[in-house]
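Structure first, commentary second.
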Amino acid sequence: MSAVIQAAPVQPATVPPLPKADSCLLIIFGASGDLTKRKLVPALYDLACAGCMAPGFEVLGISRTKMSSDNFRTAMHDFAAKSRDTRGWTDTCWDNFASRLHYASGDINDSSYFPKLKEQLEEMTKNGSSSNYLFYVSTSASLAGPLVRGLGSVGLNKRENGWTRIVLEKPFGRDLESAAALNQTVAEVFEEKQVYRIDHYLGKETVQNMLVFRFGNSIFEPVWNRNYIEYVEISNAEPLGVEARGAFYEETGALRDMMANHLLQLLTLTAMEPPVAFDADSVREQKVAVLRSIRPMTLQEVARKTVRGQYGAGAINGQAVPAYRDEPNVSPKSNRETFAAVEFHIDNWRWAGVPFFVRTGKRLPRQVTEIRVHFKRTPQALFAGTSDEQIEHNIMTMRIQPDEGISMRFAAKQPGTSMKTIPVQMDFMYKDAFGGDTPVAYETLLLDAMRGDATLFTRRDEVEAEWRIITPIEEAWAELPPPSFPNYPAGSEGPAESHLLISGDQRKWHTLIR
């Protein structure tokens, strides 16, 4: 039995207008890909409709696919109009935005392409486009290095009459060695202040609000440590399978795809010390300090403190779905994981002895990304009428998606003559408090890149610190015998072993089954 209390702002809340971006020419490499259609163009459309785009803002999409600018606009229209991320739609707003969209085909593996690209950009600038260049690399990781070198070979890494920046999408390498090599390539062409390594989770409102929640409220910061917190649980679950990304997933897997970036970022924001200021260097210094404090694992520790899984056939929302090995472009004998759970430990003064349990998986019962902070239980001598098993941890939950918000579970007296307690929950939801017009992640991050604010982007040493944690796990898994895959049916909560990982002292994963 539990009760829910809705929480609302003390004063009526409004969403402030978004700031205007610097004028720029945005060049998207990989413009015919899924990310551009589903995320980038809808975000840019919303920013344009909100009046954020300065005169001279233009978009040039580039990929190997042959098409005209008119065909590109038509293709983008169809996706943007249907996108769940688009906050509002009018044909007039689209027409104004679409006039800024342009397209050119080209093969970035061909070194002769980059002189032509430079000429095209200079011609666009002469015709009224901005002299500031923002390059967005939305290609496979293998093309990032050659693309960066190509830009540098023709001097597109710097401007005399404007600025140049580059946004790099994940995956940023596939292990420590490849990430370090890519970082070195980027450093030879661009200054670090020009580089924006994007992780779209950092653009979500709840993720950003974690800093305000922790460091802007005196009732929470004093208890945010090993003295009061029993353990932390970070979960990312989705009901989708790999769909058309079978070949990608065969190369990547759940650990590299989600744990090596998104979920470690959530861990750092949960565990970091207060920065001296909310600026790029101050925030990222504290995040890197957390990553460097995470205890590296030996092969034996990996065997005890990690779980990997692969989904078999099952049902999602009553619909039968195939096993991972039956998905397109997946080997029928594949040992690639679609589920990963890891117990991390942070060896510093604040978090010594507090385990961080992190899990991610596909074909789980529902979509959810959340952080649950489990506080230590109080002595129960005062409440003899309530059995020890009924006294639950106080839990602070930060929901990243869906239904972004924060909730707190605490004990209250059950009505009646006996001193019995029940858990009650206090909820704060962004959409209820602020309405539905808060910017989505890619709007925030694109706007920040245009304005030159790198606070929500990852730094070179941060990326390498993440891989120093993940690469030993990947190497140990390569040595250890794989589980008998598939080891969890689609629609379940993952492998049974993942529950054993967290069990003990009343610890358990929050159920994903409603």
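At a threshold of 8 angstrom on Cα-Cα distance, excluding pairs fewer than six apart, so keeping six or more, what relative contact order does region 202-502 reach in percent?
Values: 537 pairs, mean separation 87.3, N = 301.
Relative contact order comes out at 29 percent.
Stick to Cα atoms and the Kirkwood definition of Rh, then tell me Rg/Rh for region 391-510. Before the final figure, lay out each step's value.
Numbers: Rg = 21.5 Å, Rh = 19.8 Å.
Using only Cα positions, Rg/Rh for region 391-510 is 1.08.
Lysines within cross-link reach of K158: Cα-Cα under 27 Å, excluding same-chain residues under 8 positions apart?
Once the sequence-local lysines are set aside, what remains near K158 is K20, K116, K118, K126, K170, K193.
Please identify the longest segment of the chain free of exposed GluC sites (Glu not before Pro), where exposed means a DSSP state other than H, G, I, E or B and no more than 16 other Cβ atoms within 10 Å. Intermediate values should be presented prior to the final figure.
Working: sites that count: E160, E191, E392.
My reading of the result: 192-391 is the longest stretch.
What list do you get for V424, V354 if you sort them by fewest beta carbons within 10 Å? Don't jump to the answer; show the numbers that get you there.
On the way: V424 17, V354 21.
By the 10 Å Cβ count, ascending, the order reads V424, V354.
Calculate, in nm to one decimal, what K116 and T298 gain on full extension: separation in residues at 0.36 nm each, minus their alpha carbon distance. List each step's numbers first, then the result.
On the way: separation 182, 0.36 × 182 = 65.52 nm, distance 5.04 nm.
That pair, K116 and T298, stretches by 60.5 nm at full extension.
Only counting other Cβ atoms within 10 Å, I'd like T185, T378, T338 sorted with the fewest neighbours first. Write out the running numbers ahead of the final one.
Details: T185 17, T378 12, T338 29.
Ranked by crowding around the Cβ, least crowded first: T378, T185, T338.
Please list the radius of gyration and Dmax for the chain, considering alpha-carbon atoms only, with Å as the unit.
Gyration radius and largest Cα-Cα distance of the chain: 24.1, 84 Å.
What net charge do the residues around I346 carry, taking every other residue with its C-beta under 13 Å from that of I346, with Lys and Arg at +1 and Asp and Glu at -1? It would help to have the intermediate numbers written out before the result.
Working: positive: R226, K287, R292, R295, R350; negative: E273, E343, D347.
That works out to +2.
Starting with the fewest neighbours, write out C52, C24 ranked by other beta-carbon atoms found within 10 Å of each beta-carbon.
Values: C52 21, C24 25.
Ordered from fewest to most neighbouring Cβ atoms within 10 Å, C52, C24 come out as C52, C24.
Let me check against my output: what whole-number percent is the relative contact order of region 36-117, with C-alpha pairs under 8 Å and at least 6 apart? Mind dumping the intermediate values first?
Values: 78 pairs, mean separation 37.3, N = 82.
It comes to 45 percent, rounded to a whole number.
Are there any helices in the chain, counted as whole DSSP H runs, that stretch 18 Å or more along their axis by Cα and score at least 0.0 on average by Kyte-Doolittle, and if so which? Could you put the intermediate results ahead of the total?
Numbers: long enough: 69-82 (20 Å, -0.76); 113-126 (20 Å, -1.21); 141-153 (19 Å, 0.79); 176-189 (20 Å, 0.55); 280-293 (20 Å, -0.36); 460-479 (29 Å, -0.72).
Counting only whole DSSP H runs, the qualifying helices are 141-153, 176-189.
Every number in this text was worked out from the coordinates using simple rules, so none of it is lab data. Everything numeric here is computed off the predicted structure, so don't read it as measured data. Ideal geometry is used to build each Cβ from the backbone, glycine not excepted, and the neighbour counts take in all protein chains shown.
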